[in-house]
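The structure appears right after this line, and notes come after that.
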Amino acid sequence: MSEDQLAKIARLISFEKQIRETKSLVELQYTLTNELRNVIPFAHAFFCYWPKNKKITVAAVSDIAVVDRTSIIVNTIEKIGKQKMYENFEEVHSFIVQKNQDDTPSETGEGYLPSNFVWVPCASVHNDKQGILILTKHTEWSEDETELLKHISQTVGHALSYFLNKNKLSSFLKFFISSWFQFFLSAAVIGSMFLNVSMSTLGTAEIIPKKAFFITSTIDGVVKDVKVDNNDQVNKNDELVIFETAELNSQYQLSLASLNIAQTELLRVKQSSFSSSQEKAKIKELEAQVQYQEQEVNYQKALLDQAIIQAPTSGIAIVGEKSAILGQPFSVGQKIFTLADPTQIQVKIMMPVKDSITIKEGARVKVFLDIDPMNAIEGKVERFLYEPEKTSEDILAFKVLAFIDDKKLPRIGLRGSAKIYGEDVKLFFYLFRKPITTVRQFIGL
């Protein structure tokens, strides 16, 4: 490879580097119409963007900072480009414009143009044609120069694709920041501040039974077995809980033995009372003792019968962890688990104090369960407590109870979030309620 060829390749690489380093369309146009002369000699260079309506408009000219739209040369190039567009010349090729053509200035005039032209469409791989480069010179264009321009057109097309797509976004943003748009946008925002919206707040929700039967311990004892599991359907008089009966059986057997002893002693005294006045005096005491032992036996028998707890009504068992019940001692009246009617449910909503709003009975409620967060369950506030309480998350919250309007009732125990709607307020107050509250607390007004 000769030194001349190496020099051409070096100039081409340098030119492509300049194209890649351009930061704007204006800089790219200048580099294309002026720095290209270092790679391929030419007399004039004209750059135009690829038109949509086949009307060519010159955007940049070599050696000129600002394009003069009234220039004869510019008008001539635009007419030549328009003719080429109608001829559908979409490939790089050279052509000759005769000097006696009406559209070409004379050689002696200021707007002299050489006769030898080259048409260079600049296209990218992804966005098709982006621009057109028209070069002129006094000598004919060689085949090597035409092939080199084909390579350069792809580089230029890629750079134009980047800047033009970026420019579309910039134009779009400029429209949004224009003064008229800002005026209408500001007016719309200010006007919307006076719209009425429903005040609302969010809280954690849980489906709970409306009428729950608490299964409580009937005796002081240790739970031996729980016959039901969580969410089991229970019928009336079904066995639910069985207590340990070893100690109760012992007490019952002892009371029976004591009763037998008392009855035997009473019988002996009655028999000997005929011969002894002292024995006769003991009869009343022993009869009272027998009566007491009979009551003791009945009491121990009742405790044994109560060692098995039966369901007072039908429903769903809400047991929780059986391991927390089995083997644990319970006192009389202590809750073991809950029996609930699945057709009688309500929603318990814990509304944080910091997000509380004025709530009225019958206020609208939307419940979003965790198992189906996309569908809301409609409900209405039934009652609410004025005194807050701490939740399991250690948050101070008001308890709100709501009933569900939906015919398809959710399962007891499901959790999610609920939105409670309050009275109508202006959108401004709805958006800035918390900042206003914070400012008032800070400045004391």
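Here is a check on your reading of the model: is Ala212 under 30 Å from Lys380 (Cα atoms) and surrounded by 14 or more Cβ atoms within 10 Å (Cβ to Cβ)?
yes
Of all residues in segment 284-327, which are farther than 26 Å from Val223 by Cα and either outside the structural domain of Val241 (by TED's automatic domain parsing) or in contact with a Leu (Cβ under 8 Å, 6 or more places away or on another chain) (or both)?
Those that are farther than 26 Å from Val223 by Cα and either outside the structural domain of Val241 (by TED's automatic domain parsing) or in contact with a Leu (Cβ under 8 Å, 6 or more places away or on another chain) (or both): Leu286, Glu287, Gln289, Val290, Gln293, Glu294.
Being within 22 Å of Thr22 (Cβ to Cβ), at pLDDT 85 or above and in the same structural domain as His44 (by TED's automatic domain parsing), is that true of even one residue in segment 162-184?
No.
Look at Lys360 and say whether it is closer than 21 Å to Asn231 by Cα and either touching a residue at least 24 places away in the same chain (Cβ under 8 Å) or assigned by TED's automatic domain parsing to the domain that holds Lys434 (or both).
Criteria not met by Lys360.
Any idea which of (1) surrounded by 14 or more Cβ atoms within 10 Å (Cβ to Cβ); (2) out of contact with any helix residue (DSSP H, G or I) (no Cβ under 9 Å at 6 or more places or on another chain) is the one Lys335 doesn't satisfy?
With (1) surrounded by 14 or more Cβ atoms within 10 Å (Cβ to Cβ); (2) out of contact with any helix residue (DSSP H, G or I) (no Cβ under 9 Å at 6 or more places or on another chain) applied to Lys335, the lone miss is (1).
State yes or no: is Ile349 under 30 Å from Ser200 (Cβ atoms), in contact (Cβ under 8 Å) with a residue 12 or more places away in the chain, touching a strand residue (DSSP E or B) at 6+ places or on another chain (Cβ under 9 Å) and not in a helix (DSSP H, G or I)?
The answer is yes for Ile349.
Please verify whether Val66 is farther than 21 Å from Glu140 by Cβ, buried (at least 16 other Cβ atoms within 10 Å of the Cβ) and modelled with pLDDT of 85 or more, treating the condition exactly as stated.
When the stated conditions are applied, Val66 does not pass them.
Among the residues of segment 286-296, are any modelled with pLDDT under 85 and within 30 Å of Thr204 (Cα to Cα)?
Looking through segment 286-296, none of the residues is modelled with pLDDT under 85 and within 30 Å of Thr204 (Cα to Cα).
If you go through segment 219-228 one residue at a time, do you hit one that is in contact with a helix residue (DSSP H, G or I) (Cβ under 6 Å, 6 or more places away or on another chain), farther than 20 Å from Gly327 by Cβ and in the same structural domain as Ala302 (by TED's automatic domain parsing)?
no
Within the bounds of segment 325-336, is there any residue that is modelled with pLDDT under 85 and of a type outside the set (Val, Ile, Thr)?
Looking through segment 325-336, none of the residues is modelled with pLDDT under 85 and of a type outside the set (Val, Ile, Thr).
When you scan segment 240-324 for helices (runs of 4 or more DSSP H) that lie fully inside it, which ones turn up with 1 or more residues that are under 60 Å from the mean Cα position of the chain (by Cα) and surrounded by fewer than 16 Cβ atoms within 10 Å (Cβ to Cβ)?
246-272, 283-305
Which of the following residues is more than 25 Å from Ser392 (Cα to Cα) and among the basic types (Lys, Arg): Lys301, Lys322, Lys348?
Every option except Lys301 fails the conditions.
One line per residue, one yes/no per condition, for (1) part of a loop (DSSP other than H, G, I, E, B); (2) at pLDDT 90 or above:
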{"residue": "Val365", "(1), (2)": "no, yes"}
{"residue": "Lys380", "(1), (2)": "no, yes"}
{"residue": "Glu387", "(1), (2)": "yes, no"}
{"residue": "Ala402", "(1), (2)": "no, yes"}
{"residue": "Arg411", "(1), (2)": "yes, no"}
{"residue": "Asp424", "(1), (2)": "no, no"}
{"residue": "Phe428", "(1), (2)": "no, no"}
{"residue": "Leu431", "(1), (2)": "no, no"}
{"residue": "Ile436", "(1), (2)": "no, no"}
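Among the residues that make up segment 31-54, is at least one of them within 55 Å of the chain's Cα centre (by Cα), within 17 Å of Leu113 (Cα to Cα), among the hydroxyl-bearing types (Ser, Thr, Tyr) and in the same structural domain as Pro121 (by TED's automatic domain parsing)?
yes
Step by step: first the residues of segment 49-72, then only those that are of a type in the set (A, V, I, L, M, F, W, C) and not in a loop (DSSP other than H, G, I, E, B), then the one that is farthest from Leu160 (Cα to Cα). Which residue is that?
So the residue we want is Ile72.
Could you check Lys79 against (1) surrounded by fewer than 17 Cβ atoms within 10 Å (Cβ to Cβ); (2) in contact (Cβ under 8 Å) with a residue 60 or more places away in the chain; (3) closer than 22 Å to Glu140 by Cα and say which number it fails?
(2) is the only condition that Lys79 fails.
Somewhere in segment 224-234, is a residue under 19 Å from Gly333 (Cα atoms), of a type in the set (D, E, K, R), in contact with a strand residue (DSSP E or B) (Cβ under 9 Å, 6 or more places away or on another chain) and surrounded by fewer than 14 Cβ atoms within 10 Å (Cβ to Cβ)?
So far as segment 224-234 goes, no, none of its residues is under 19 Å from Gly333 (Cα atoms), of a type in the set (D, E, K, R), in contact with a strand residue (DSSP E or B) (Cβ under 9 Å, 6 or more places away or on another chain) and surrounded by fewer than 14 Cβ atoms within 10 Å (Cβ to Cβ).
The values are calculated or read from the model by the stated rules, or taken from the named source; none is laboratory data. Bear in mind that the values here come from a model prediction, so they are computed numbers and not experimental data. Glycine gets a Cβ as well: all are built from the backbone with ideal geometry, and neighbour counts include every protein chain shown.
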